[in-house]
1. From the set of residues in segment 183-203 that are assigned to a loop (DSSP other than H, G, I, E, B) and away from the ligand (no atom under 16 Å from the Cβ), which is farthest from residue 310 (Cα to Cα)?
2. What pairs come up if the first residue lies in segment 249-260 and is over 15 Å from residue 476 (Cβ atoms) and modelled with pLDDT of 95 or more, the second is in a loop (DSSP other than H, G, I, E, B) and away from the ligand (no atom under 15 Å from the Cβ), and their beta carbons are under 8 Å apart, counting only those six or more places apart or on different chains?
3. So for segment 30-45 (the condition being outside any strand (DSSP E or B) and surrounded by 13 or more Cβ atoms within 10 Å (Cβ to Cβ)), does at least one residue qualify?
4. For segment 355-366, state whether one or more residues are outside any helix (DSSP H, G or I) and at pLDDT 95 or above.
5. Considering only segment 54-61, I want to know if a residue exists there that is in a helix (DSSP H, G or I) and either touching a helix residue (DSSP H, G or I) at 6+ places or on another chain (Cβ under 9 Å) or crowded, with 21+ Cβ neighbours inside 10 Å (or both).
6. Taking the options 115, 217, name whichever one is surrounded by fewer than 19 Cβ atoms within 10 Å (Cβ to Cβ) and either closer than 25 Å to residue 479 by Cα or touching a helix residue (DSSP H, G or I) at 6+ places or on another chain (Cβ under 7 Å) (or both).
7. Could you tell me whether any residue of segment 320-335 is without any contact (Cβ under 8 Å) to a residue 24 or more places away in the chain and within 30 Å of residue 488 (Cβ to Cβ)?
8. Only residues that are farther than 17 Å from residue 250 by Cβ and out of contact with any helix residue (DSSP H, G or I) (no Cβ under 8 Å at 6 or more places or on another chain): list them for segment 477-504, please.
Ligand code: G3H
């Protein structure tokens with residue numbers, strides 16, 4: 001790889017030495033962890049090295065507990081300024097934040113490209129989608145609040161029903177969408193009146209640093225606390241205190257389970273989890289093959305397959321499997337590999353251990369009878385493994401069971417549709433499926449079954465999370481709670497209401513409360 005990085009994409013060493021606790025940007029003076037990009041550049045001796053981008057604080061448990069205390073004080077058992085504030089005032093803070101965030105677009109996008117090697121178009125998309133998500137969340141909360149700005153009367157009882165915050169949220173995001181998926185948790189959590197402690201993932205960390213100031217300047221002290229470091233020194237001790245009310249995590253179920261296990265009070269802990277998946281593509285005999293190949297390329301290999309929604313196994317009917325395989329393998333070999341700013345479809349893998357892992361999956365499958373169908377499949381470099389199309393795959397192979405989260409595509413041929421259906425029913429996962437075909441007599445009943453095995457059936461298209469207004473969730477080990485602009489507001493809150501028997505004494509008090517502005521909860525203001 002040449003070291004000629006265009007000027008506009010060059011980065012200088014960035015040592016992030018700040019963290020946010022209780023509205024203060026503190027300087028970290030302890031140990032730090034270097035942040036490398038897996039993008040390799042030539043040094044002056046012609047040797048290729050991964051690129052040092054800077055460093056982040058390797059924070060200790062003491063700071064984690066300080067952050068927890070700040071979040072606890074800001075929530076103050078529901079009596080804090082933030083959880084009792086009028087919805088409109090909280091929305092103003094969020095509006096301020098999103099405006100400030102926009103100013104960091106170029107810096108964050110550049111770091112997305114270097115830290116997680118996402119191509120330029122998708123890096124901009126991630127940033128812009130997050131801004132849209134925040135604006136849509138503000139609008140959705142206004143709609144929700146307008147619906148609550150009233151009284152109900154049933155059985156002689158007046159009720160003023162709203163949604164209230166749950167408490168203190170520990171928010172942990174993934175490396176593949178370090179901005180978008182993390183903010184899809186953090187933003188609804190705080191807008192609903194919760195307070196939060198947020199720790200970025202292992203990769204895609206530096207890009208949070210340019211936003212620290214915007215958080216500090218937009219929210220009251222303690223509402224958002226941002227730490228850097230290792231999970232075991234930060235997340236584990238915070239969970240052990242028992243003061244976390246919501247674990248909001250997008251990542252692997254093993255991390256979610258071990259963190260839940262640390263919490264001493266299980267019924268207190270709510271879960272908002274987006275976990276791994278093994279979304280299948282099912283290709284029926286009458287599928288339009290050219291269209292299907294195109295969708296399967298994007299479904300299996302966008303961002304090198306490092307998406308929880310990626311198609312991770314393809315079931316192709318035996319009558320068309322040879323033709324599909326030929327077209328698909330050719331299309332894979334035609335994909336362009338390059339650096340993120342060259343905007344190629346394939347880019348380096350940010351996790352240093354991923355190429356070896358993918359190679360192991362390929363070797364295991366080949367030992368057990370699969371072939372690599374494409375010429376370039378599995379070609380290794382220090383930070384990449386060219387996508388490998390594996391066929392025929394069966395359940396003796398690791399790639400059949402494991403969420404590969406990388407560039408390898410297992411293909412299985414089936415005779416009877418019960419085969420993929422049974423495999424899905426037996427799977428630990430249940431997020432989405434892509435179904436390719438056109439005969440409604442076949443599709444109809446199939447959709448009826450698939451809708452009960454997963455949470456989104458994509459007809460003749462790749463699996464995906466967006467548009468973000470649609471529900472994003474999964475069955476079994478794939479998710480807990482639902483995330484969409486609309487649903488996330490509900491996932492991070494609870495219905496709570498004031499009830500008052502319909503009599504002159506109470507009604508007089510209610511009227512006075514409504515006219516006095518004494519309560520932020522009881523009000524029928526219409527948020528414009
Ligand atoms: O990693 C999982 C993401 O939620 C996938 O989102 O379908 O928009 O790429 P996406």
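The values are calculated or read from the model by the stated rules, or taken from the named source; none is laboratory data. Because the structure is a prediction, the values reported are computed rather than measured. Using ideal geometry, Cβ is built from the backbone for each residue, glycine included, and neighbour counts are taken over all protein chains shown.
1. Step by step, filter segment 183-203, then rank; the result is 193.
2. As it stands, the answer is 260/266; 260/269, since those pairs meet every condition given.
3. No, segment 30-45 contains no residue that is outside any strand (DSSP E or B) and surrounded by 13 or more Cβ atoms within 10 Å (Cβ to Cβ).
4. no
5. Looking for residues that are in a helix (DSSP H, G or I) and either touching a helix residue (DSSP H, G or I) at 6+ places or on another chain (Cβ under 9 Å) or crowded, with 21+ Cβ neighbours inside 10 Å (or both), one finds at least one in segment 54-61, hence yes.
6. Going through 115, 217 in turn, just one is surrounded by fewer than 19 Cβ atoms within 10 Å (Cβ to Cβ) and either closer than 25 Å to residue 479 by Cα or touching a helix residue (DSSP H, G or I) at 6+ places or on another chain (Cβ under 7 Å) (or both): 217.
7. Looking for residues that are without any contact (Cβ under 8 Å) to a residue 24 or more places away in the chain and within 30 Å of residue 488 (Cβ to Cβ), one finds none in segment 320-335, hence no.
8. Across segment 477-504, the qualifying residues are 490, 493, 494, 495, 496, 497, 498, 499, 501, 502, 503, 504.
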